[in-house]
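What follows is a short report on a single structure.
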Amino acid sequence: MSSDSILQNASIGAEIMDRIEALAKISESPNGLTRRYLTPEHRGANDLVGSWMRDSGMTVREDAVGNIIGRYPADCDDAPTLMIGSHLDTVVMAGKYDGMLGVVTGIACIGSLHGRRKHLPIAVEVVGFCDEEGARFQSTYLGSRAVAGTFDRALLKCRDENGICMDDAMIAFGLDPDRVHEAARRPDELLAYIELHIEQGPVLEEQGLAAGVVTGIAGANRLIVTVTGTAGHAGTVPMKLRHDALLAAAECSLVVETVVGDFRDTVGTVGRLDVSPGATNVIPGQVVFSVDLRAAEDHLRLNASVEIQRQWQEIAARRGVDIVAEVVHAAPSAHCAPHMQRQIAEAITRVEGRAVTLPSGAGHDAAAMADVTDVGMIFVRCAGGVSHNPNEAITVADADIGARVMLDLVENFRAER
Ligand code: GLV
Ligand code: MN
Ligand code: MN
């Protein structure tokens, strides 16, 4: 469907859902949606999204880190820029809406303006960020940190699970790792950043509302932990003489659960565990596992992390194994600017009659963008609050309401501090 259909008063929600389906077909695996940074699927998504941006009256470019950016000019020269965005990468076996909904909604809003031949006193850019999930290199917000000017160049030496270095993957994708800094924007160029995203939780559903105002985004740490014991024969080594890396890792995982329980509103997840050599009749000699820790309050997350690592060293000493934890990602919590929250609440109230506020436990590109400009977020209800799961779902009607909120917000946007 072209942007003209919006002009003809078709449902913006229907166009958004069509585009979500088209993007969901671009996957590394036929059995579920997986689209990681610097893959052919990343290229495919940028190409498709870039074509929709062009159809909607935007000039399009790919920046130095691999974000795709469309720009819709203002009705006057030298106007500042309002950015709308979210991410186009996914977790492994993802849902279709996490990230993509924000990008296609932004494009649909510009398509509506373009269809009406309307320009605003501000320029509007729509960004499809290239890596928010960190599914390939384990460090998140790569695209938005590059735009915010906080990309850590040390990450260029991170390797994916096949041993491919990020800088080599960039070159293969057609990017120059020495020029990543060129993706950065100056604070004085930007008015604000707005992100629309599925809620990924059940609050809006429970409230009977399609959209909500986000107050802030939880901080997060990711650790990769290597437990080294001694591989051995499963039949000959008595239990008390073993240095089983998997049993140690299992205890470490339970420590994550018990420790976060002692820190208010802190959550911890062990989502990956690789066992070596991984044979039925061999005592595991090495285990590498991931830990994801989150909390709205940074001191709680950081104190939980210290206590977890202290207890891991007790396990290491007792079991005669070595435990080394590497922090591969750390992001402080971020607040949505009060004036952005106010304007989003006004837009939701105009569209839906009332607005609720809620915090985000999930990470979002807005958290990284808060380092360079004021940020605001709109959450859209998703079925059962299910996300990071192929069963993620929203309704056409809610996609439509989300787009109407975004369009109302953009058309009435007031630069405030
Ligand atoms: C991103 O979706 C995250 O919160 O991990
Ligand atoms: Mn996600
Ligand atoms: Mn997301």
Packing-based order for 28-37, 233-242, using average beta carbon neighbours within 10 Å, highest first: 28-37, 233-242
Residues listed by number, the stretch 104-138, amide nitrogen under 14 Å from A154 label point at 7 Å toward C-beta: none
Residue-span extension gain [E297 to T395] - 0.36 nm each, minus C-alpha spacing: 32.0 nm
Chain lengthening between A317 and E161 when straightened (0.36 nm per residue, less Cα-Cα): 53.2 nm
Using a Förster distance of 22 Å, the FRET efficiency for K118-R342 (Cβ separation, nearest 0.05): 0.35
Spatial separation of Cα centroids for the stretch 333-395 and the stretch 257-330, in angstrom: 30 Å
With 5 Å bins from 0: P(r) over the stretch 52-190, alpha-carbon pairs, percent: 2, 10, 18, 21, 18, 14, 9, 5, 2, 1
For E206, solvent-accessible area (1.4 Å; no DNA, RNA or ligand), Å²: 140 Å²
Stokes-Einstein D for the stretch 124-172, Kirkwood Rh over Cα pairs, 4 °C, 1.567 mPa s (µm²/s): 114 µm²/s
Taking N as its residue count, the alpha carbon Rg of the chain over 2.2 N^0.38 Å: 1.04
Rg over Rh [alpha-carbon atoms, Kirkwood Rh] for the stretch 290-417: 1.11
Distance histogram in 10 Å bins (all Cα pairs of the stretch 30-70, percent per bin): 29, 49, 20, 2
Contact order normalised by residue count of the stretch 353-404, Cα under 8 Å, 6+ apart, percent: 24 percent
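Just in the stretch 367-415: which trypsin sites (Lys or Arg not before Pro) are loop by DSSP and have at most 12 other Cβ atoms within 10 Å?
R414
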With all protein chains modelled, accessible area of R264 [1.4 Å, Å²]: 140 Å²
Nearest-0.05 FRET efficiency for T226 and A172, computed from C-beta distance (R0 35 Å): 0.80
At R0 = 41 Å, FRET efficiency that the Cβ-Cβ distance of T258 and T349 yields, to 0.05: 0.45
Linear extension gain, R43 paired with A14, 0.36 nm per residue minus alpha-carbon span: 7.9 nm
Per residue value of the accessible surface for the stretch 308-417 (all protein chains in place, 1.4 Å probe), Å²: 42 Å²
Size of the stretch 85-164 as Cα extents on the principal axes (Å, biggest first): 50, 30, 14
Within the stretch 163-201, GluC sites (Glu not before Pro) in DSSP loop having at most 10 other beta-carbon neighbours inside 10 Å: none
Where the Cα pairs of the stretch 213-280 fall when distances are cut into 5 Å bins, in %: 3, 12, 21, 18, 14, 11, 8, 6, 3, 2, 1, 1, 0
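The values are calculated or read from the model by the stated rules, or taken from the named source; none is laboratory data. Remember, predicted model here, so these are calculated numbers, not experimental data. FYI the Cβ positions are ideal-geometry reconstructions off the backbone, even for glycines, and counts take in every protein chain you see. The accessibility values were calculated without ligands, DNA or RNA, using every heavy atom of the protein model including side chains. Shrake-Rupley method; radii C 1.70, N 1.55, O 1.52, S 1.80 Å.
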